[in-house]
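Before any comments, here is the structure.
The values are calculated or read from the model by the stated rules, or taken from the named source; none is laboratory data. Just so you know, these numbers come straight off a predicted model, no measurement behind them. All Cβ positions, glycine included, derive from the backbone under ideal geometry; neighbour counts span all protein chains shown. What goes into the accessible areas is simple: the full protein's heavy atoms, side chains included, and nothing from ligands, DNA or RNA. Shrake-Rupley method; radii C 1.70, N 1.55, O 1.52, S 1.80 Å.
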Amino acid sequence: MPAQPRAANTGEGAVLSLRALNRALLQRQGLLERTGASPVAMIEQLGGLQAQAPNPPYLGLWSRLRDFRPERLTELMQQRQVVRATMMRGTLHLVSAADYLAWRATLTPMLQRLFLHSDQGKAVKHMDLQALSLSGLELLSAQALNATALGAALQGRWPQGDASAMARWVRGVAALVHVPPAGVWDSHQQACFAPAAQWLGQSLAEADAADAMVLRYLAAFGPASVRDIATWSGLQGVRAIVQRLRPQLRGYRGPDGEELFDLADRTLPDADTPAPARLVADFDNLLLAHADRTRVLDARHKDAVFTRNGIVRATVLLDGFVRGTWSLQREPGATSVTIAPFAALKKPERAALAAEAEHCLATFAPGVTHEIRIESA
């Protein structure tokens with residue numbers, strides 16, 4: 001049995017090193033040791049998986065779960081236990097059906113605010129937006145439609161309206177889900193949308209879920225600051241939420257003195273806990289869920305990971321920190337993993353990354369020729 005991470009000796013108000021924050025994050029994220037949790041349980045533990053592209057959520061679960069079968073996640077989407085939808089900070093996520101129903105109404109004001117501050121928001125702000133949402137839901141209740149078809153149908157009701165902007169409002173603000181096969185492995189066709197309540201057979205919860213969301217975030221990403229929580233969620237008034245939750249929290253200080261919060265009953269692993277080599281998915285919330293990413297990504301490497309056109313590359317973790325990028329490439333009859341480290345690798349590091357790459361290839365490309373390329377720094 002692998003050794004369990006030692007608990008750090010950290011009391012209320014303790015100053016945490018960067019390495020201590022790193023190990024805490026990896027532990028909460030299931031990246032210190034793969035677990036036997038179910039895909040749904042892991043998705044809920046993580047507070048959802050970033051999902052603007054179809055394949056990263058599969059890779060995100062593979063990096064955290066033992067014996068992960070990609071087809072199982074596809075089945076969960078088809079069975080409506082997991083949904084792909086616009087959620088935190090206005091981005092696409094895979095979340096459990098239960099979390100969607102509990103959280104989505106709380107996110108609606110944030111989604112409205114984000115849209116109305118966008119360029120397309122200017123094209124609809126003069127309209128009766130409640131009527132626009134209701135019309136969109138009515139149309140989609142009759143038939144799942146893609147964005148183009150939805151815009152055309154809405155323009156039939158508002159001939160002078162901007163079809164693209166009207167469809168974008170409904171897609172971004174109304175409670176909708178992406179109907180499979182949109183979002184499943186290797187599916188790149190245009191998404192069709194359905195009302196979430198109809199798709200899931202249940203109404204959205206009306207209770208404010210902000211407190212529950214903050215607590216779930218800290219369980220997955222803590223200790224973290226108010227800025228970090230707001231970055232992940234997109235919610236306003238996070239400081240007031242944290243103050244309300246104070247009796248359930250423990251306070252720390254980060255390396256720069258910033259106040260951090262965590263669940264009061266959570267212990268932190270020792271900062272010297274070994275961290276295995278990992279291949280982390282592109283767009284992974286490991287890199288997106290904090291305002292201060294230095295607990296896992298050195299600022300010097302930011303431009304190598306976050307591209308100008310909005311891509312967040314898949315990353316290599318060595319000793320818990322991002323030390324390179326990687327990609328999975330498939331051609332007829334052959335699949336390869338290419339690893340691009342930021343600096344020269346030691347022999348044990350190369351071996352550990354090669355083992356992870358072979359594990360990835362065996363999971364996602366069984367029965368074809370495999371190749372692993374590790375580039376020179």
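Some observations on this one:
- Per-residue HN-Hα couplings for region 104-110 [Karplus 6.51, -1.76, 1.60; θ = phi - 60°; Hz; x = Gly/Pro]: 4, 5, 5, 7, 4, x, 5
- Accessible-area composition of region 115-264, carbon plus sulfur, in percent [1.4 Å probe]: 50
- For region 242-327: Kirkwood Rh in Å [reciprocal of mean 1/r, alpha carbons]: 14.8
- The 3J(HN,Hα) values that the Karplus relation (6.51, -1.76, 1.60; θ = phi - 60°) gives for region 200-212 are, in residue order, 9, x, 8, 7, 5, 5, 8, 5, 5, 9, 4, 4, 4 Hz. Gly and Pro appear as x.
- In order along region 79-85, the Karplus-derived 3J(HN,Hα) couplings, from 6.51 cos²θ - 1.76 cosθ + 1.60 at θ = phi - 60°, round to 7, 6, 8, 10, 10, 9, 7 Hz, and Gly and Pro are given as x.
- Calculated log₁₀ intensity ratio I(q)/I(0) where the Debye formula runs over C-alpha points of region 93-166, q = 0.25, 0.26, 0.27 Å⁻¹: -1.24, -1.26, -1.27
- With viscosity 1.567 mPa s and temperature 4 °C, the Kirkwood radius over alpha carbon pairs of the chain converts through Stokes-Einstein to a diffusion coefficient of 59 µm²/s.
- Placing unit charges on the Cβ atoms only, positive for Lys and Arg and negative for Asp and Glu, gives region 198-316 a dipole magnitude near 180 debye about its Cα centre.
- Compactness of region 35-79 - radius of gyration and Dmax, Cα, Å: 9.6, 26
- Rounded to two decimals, the Cα-based Rg/Rh of region 29-127, with Kirkwood Rh, is 1.07.
- Heavy-atom surface analysis with a 1.4 Å probe gives region 305-363 a carbon and sulfur content of 55 percent of its accessible area.
- Averaged per residue, the chain has 44 square angstrom of accessible surface, using a 1.4 angstrom probe with ligands and nucleic acids left out.
- Å³ per residue enclosed by the Cα convex hull of region 137-201: 76
- The order of the peptides 277-289, 102-114, 178-190 by mean Cβ neighbours within 10 Å, most packed first, is 277-289, 102-114, 178-190.
- Rolling a 1.4 Å probe across all protein chains gives Thr369 an accessible area of roughly 90 Å².
- Farthest toward the positive end of the dipole of the chain, out of Gln45, Phe306, Asn285, is the Cα of Phe306, where the dipole comes from beta carbon charges about the Cα centre.
- For region 263-377, the fraction of C-alpha pairs farther apart than 20 angstrom is 47 percent.
- Reciprocal of mean inverse Cα separation for region 187-245 (Kirkwood radius, Å): 13.8
- Dipole size of region 116-272 about its Cα centre, with +1 on Lys/Arg Cβ and -1 on Asp/Glu Cβ: approximately 400 debye, rounded to the nearest 20.
- Put a plus charge on the Cβ of each Lys and Arg, a minus charge on the Cβ of each Asp and Glu, and nothing anywhere else: the dipole of the chain about its Cα centre is then about 340 debye.
- Globularity index of region 170-288 is 1.36 (Cα radius of gyration / 2.2 N^0.38 Å, N = number of residues).
- Dividing the summed -39500 (n - 2.57) terms of all DSSP H runs of n ≥ 4 by the residue count of the chain sets its mean residue ellipticity at 222 nm at -11500 deg cm²/dmol.
- Percentage relative contact order, region 289-373, counting C-alpha pairs under 8 Å, at least six apart: 22
- Kirkwood radius, region 295-335, all distinct C-alpha pairs, inverse of mean reciprocal distance: 11.6 Å.
- Nearest-ten-degree value, helix 129-142 long axis tilted from longest Cα axis of the chain: 90
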